[in-house]
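Nothing in this text is a laboratory measurement; each read-out follows from the coordinates by a stated rule. All figures in this text were calculated on a predicted structure; none of them were measured in a lab. Positions of Cβ are backbone-derived with ideal geometry, glycine not excepted, and every protein chain shown enters the neighbour counts.
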Amino acid sequence: MEESVAEIMNQLGADENGKISFQDFTRCRMQLIREIRKEEGDLSAKSDNSCTKKLRDRIASWPTSSDNSL
């Protein structure tokens, strides 16, 4: 990670002293929050689809009433 410090500081808009403005900080923070929420949403959707498919497969394998008739 130490190798990435210069790149990260550049992305944050830091000056030669390593300082960034509050405006740059809040801009980067909001961008990161949006990216994190998008990733969480993507992971949640994948997880939900997988769970939903598993549940559908289990329900489809349940016997119907005609299979259980006396």
- Message: Under the 0.36 nm per residue contour assumption, what length would be gained going from the current alpha-carbon distance of Phe22 and Ile8 to full extension?
- Response: 3.4 nm
- With a point put 7 Å past each Cα toward its Cβ, work out how far Asp15 is from Lys38 in nm, to one decimal. 3.1
